[in-house]
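Novice: Have a look at the structure that comes next, please.
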Amino acid sequence: EKANASFVREGDNAKWRMKDGIPKEWIIEMSGLKFLIKPTAFKHTGLFPEQHLHWDWITSRISNASEKQPHILNLFGYTGAASLAAVKAGARVTHVDASRSAIAWAKENQALCGFSDTSIRWIVDDALTFVSREIRRGVRYDGIIMDPPVYGHGPNKEIWDFSRSFPKLLSACKEVLSPAPLFVIANAYAISSSAIMLGNLFEDQFNSLGGKVEYGELAIEEKSRKRLLSTGIFAKWHV
């Protein structure tokens with residue numbers, strides 16, 4: 001009852017129910033970055049704020065790197081929060097998403113943050129298709145960020161199914177890592193998998209590189225009763 005806006009389902013229909021005075025879009029600031037928020041017809045608002053923990057971790061890894069401007073690949077980059085965090089830390093970023101509208105939104109966030117147009121290379125493509133092409137080109141990255149959906153489609157109707165596609169993508173990502181990579185991090189959502197399973201996949205792929213694999217679950221704490229609302233699982237490898 002106290003919410004200013006809520007996304008409700010009524011039969012086969014779903015929509016935002018907004019109180020009077022709520023704007024159609026607004027700007028917020030988190031982790032030193034600015035983002036445009038817009039409640040959309042498919043429930044998203046343009047940001048997953050609990051992922052600020054990932055942004056801060058990425059920022060720390062890049063800031064402490066010996067290389068001056070590491071090259072970071074962000075797959076399923078959505079509206080660009082992780083890409084912007086990497087740029088803020090001093091990286092050059094290649095941002096890949098299958099949605100042109102998501103990339104257009106990400107470019108708006110880039111402008112809000114005051115970053116130059118050349119700070120990020122924007123690519124509209126299927127993630128696995130793009131990484132396979134980068135392998136053939138000999139392009140290498142010092143860090144990789146991934147935020148894959150459960151299901152999805154590429155711009156050329158490529159089919160993404162997490163349980164089948166993610167292991168293939170992870171294997172391909174290992175081939176585009178530079179000789180001295182910094183990290184690989186993946187966030188995932190409501191899938192028939194666990195953080196342990198995600199961690200096992202990371203260990204299978206990256207144990208030969210040394211370093212360390214960590215995995216866990218992201219959650220938002222309810223203020224009144226301190227209960228945790230699960231929002232996703234993650235795994236990360238780093239040196």
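The values are calculated or read from the model by the stated rules, or taken from the named source; none is laboratory data. Being a predicted model, the structure only gives us computed values, none of them experimental. No Cβ is skipped: glycine too gets one built from the backbone with ideal geometry, and neighbour counts run over all protein chains shown. Ligands, DNA and RNA are excluded from the accessible area calculation, which covers all protein heavy atoms including side chains. Shrake-Rupley method; radii C 1.70, N 1.55, O 1.52, S 1.80 Å.
Novice: Which number comes out as Rg/Rh for the range 181-239 once both Rg and the Kirkwood Rh are worked out on C-alpha atoms?
Specialist: Working: Rg = 13.4 Å, Rh = 12.3 Å.
On the Cα set of the range 181-239, Rg over Rh gives 1.09.
Novice: Taking a threshold of 28 Å on the Cα-Cα distance, which of the pairs Lys34/Lys168; Lys68/Lys157; Lys2/Lys226; Lys107/Lys226; Lys88/Lys226 fall above it?
Specialist: On the way: Lys34/Lys168 34 Å; Lys68/Lys157 38 Å; Lys2/Lys226 18 Å; Lys107/Lys226 36 Å; Lys88/Lys226 32 Å.
Where the Cα-Cα span goes over 28 Å, the pairs concerned are Lys34/Lys168; Lys68/Lys157; Lys107/Lys226; Lys88/Lys226.
Novice: Here's a follow-up. Could you compute the net charge surrounding Asn156? Neighbours are other residues with a C-beta less than 15 Å from the C-beta of Asn156; K and R count +1, D and E count -1.
Specialist: On the way: positive: Arg100, Arg133, Lys157; negative: Asp97, Asp125, Asp126, Glu158.
Spelling it out: positives minus negatives among the neighbours equals -1.
Novice: Just flag the trypsin sites (Lys or Arg not before Pro) in the range 158-239 sitting in loop per DSSP whose Cβ has no more than 11 other Cβ atoms within 10 Å.
Specialist: Details: sites: Arg164, Lys168, Lys174, Lys212, Lys223, Arg225, Lys226, Arg227, Lys236; in loops: Lys223, Arg225, Lys226, Arg227.
Sites meeting the loop and neighbour criteria: Lys223, Arg225, Lys226, Arg227.
Novice: Test of understanding: extend the Cα→C-beta vector of Met30 to 7 Å, then name every residue of the range 213-239 with backbone N under 19 Å from that spot.
Specialist: 216-224, 227-235
Novice: How much of the accessible area of the chain, probe 1.4 Å, is carbon plus sulfur, in whole percent? Intermediate values should be presented prior to the final figure.
Specialist: Numbers: 6480 of 12870 Å².
Whole-percent figure for carbon plus sulfur exposure: 50.
Novice: Out of all DSSP beta bridges with both ends in the range 83-221, state the antiparallel percent to the nearest 5. All intermediate terms of the calculation are to be shown ahead of the outcome.
Specialist: Details: 3 of 13 bridges.
Taking every DSSP beta bridge with both residues in the range 83-221, the antiparallel ones total about 25 percent.
Novice: Let me ask something else. Under a 10 Å cutoff between Cα atoms, tell me which one of Val139, Val176, Val93 has the largest fluctuation in the Gaussian network model of the chain.
Specialist: In this elastic network of the chain, the residue with the biggest mean-square fluctuation among Val139, Val176, Val93 is Val139.
Novice: Oh, and also: Residue-wise, which Karplus ³J(HN,Hα) couplings in Hz belong to the range 94-100, taking 6.51 cos²θ - 1.76 cosθ + 1.60, θ = phi - 60°, and x for glycine or proline?
Specialist: 10, 10, 10, 8, 7, 9, 5
Novice: Give a residue-ordered list of calculated ³J(HN,Hα) values for the range 154-165 (Karplus: 6.51 cos²θ - 1.76 cosθ + 1.60, θ = phi - 60°; whole Hz; x for Gly, Pro).
Specialist: x, x, 10, 6, 5, 9, 10, 10, 3, 4, 9, 8
Novice: Then there's this: So with the 1.4 Å probe, I'd like the accessible area per residue for the chain, rounded to whole Å².
Specialist: Numbers: 12870 Å² over 239 residues.
Ligands and nucleic acids excluded, the figure is 54 Å² per residue.
Novice: For the peptides 197-206, 83-92, what is the packing order when you average, over each peptide's residues, the other Cβ atoms within 10 Å and list the highest mean first?
Specialist: Details: 197-206: 18.5, 83-92: 23.4.
Highest mean packing first, the order is 83-92, 197-206.
Novice: I would also like to ask the following. How large is the direction-averaged shadow of the alpha-carbon convex hull of the range 140-239, in nm²?
Specialist: 7.6
Novice: Moving to a separate point now. Over the range 160-206, one equal point on each Cα, no solvent: what is log10 I(q)/I(0) by the Debye formula at q = 0.33 Å⁻¹?
Specialist: -1.48
Novice: Spelling out what I want: for every residue of the range 111-127, take phi, set θ = phi - 60°, compute 6.51 cos²θ - 1.76 cosθ + 1.60 (Karplus), and round to whole Hz; glycine and proline get x.
Specialist: Going residue by residue, I get 5, 4, 7, x, 7, 5, 4, 8, 6, 9, 8, 9, 10, 9, 6, 6, 4 Hz, with x marking Gly and Pro.
Novice: Calculate, in nm to one decimal, what Glu221 and Val124 gain on full extension: separation in residues at 0.36 nm each, minus their alpha carbon distance. List each step's numbers first, then the result.
Specialist: Numbers: separation 97, 0.36 × 97 = 34.92 nm, distance 3.49 nm.
Separation in residues times 0.36 nm, less the Cα-Cα distance, equals 31.4 nm.
Novice: Give me the distance between the Cα centres of the range 3-42 and the range 106-151, rounded to whole Å.
Specialist: 26
Novice: Among Gly114, Val124, Val176, whose Cα sits farthest toward the positive end of the charge dipole of the range 86-176 (+1 at Cβ of Lys/Arg, -1 at Cβ of Asp/Glu, about the Cα centre)?
Specialist: After comparing all options, I get Val176.
Novice: With the chain treated as a Gaussian network of Cα nodes joined by springs under 10 Å, which of Tyr78, Tyr151, Tyr189 yields the largest mean-square fluctuation?
Specialist: Tyr151
Novice: Rounded to the nearest 500 deg cm²/dmol, what is the calculated helix-only ellipticity per residue at 222 nm for the chain, with -39500 (n - 2.57) per DSSP H run of length n ≥ 4?
Specialist: On the way: 6 runs with 71 residues, N = 239.
One gets -9000 deg cm²/dmol as the mean residue ellipticity at 222 nm.
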